[in-house]
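Every read-out reported here was derived from the displayed coordinates using simple, explicitly stated rules and does not represent laboratory data. Everything quoted here is computed from the prediction, not taken from an experiment. Because the Cβ atoms are built from the backbone with ideal geometry, glycine has one as well, and the counts that use them run over all protein chains shown.
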Amino acid sequence: MNKSVWIGLLVVGVILIVLGVQGMNSLESDVSRFFRGTPTDKSVWMLVGGILCAVGGAVGLMRK
């Protein structure tokens, strides 16, 4: 695949990680954590998706 695709995947992954971390620290997540004991599903999925995208992009860039 083209290197720009892997760079784009890495960038999207980093953006999703940042948004997920910000979502974990939001008021909505605090309320969810108070009543359910876990943060919101949206912030967790952003973190998981961001980590997968970032790892996939980094692995793609390392391959020749």
Requested in this report: Using a 10 angstrom cutoff on alpha carbons, build the Gaussian network for the chain and name the most mobile of 37, 23, 13.
Outcome: 37
Query raised in the report: residue 22 versus residue 48, label points 7 Å from Cα toward the beta carbon: distance in nm?
Result: 2.2 nm
Query raised in the report: What helices does the chain have that are whole DSSP H segments, at least 20 Å long along their own axis by Cα, and with mean Kyte-Doolittle hydropathy of 0.0 or more?
Result: 3-24, 41-62
Report summary line: Quick calc: nm separation of the 7 Å Cα→Cβ label points for residue 63 and residue 38 -> 3.2 nm
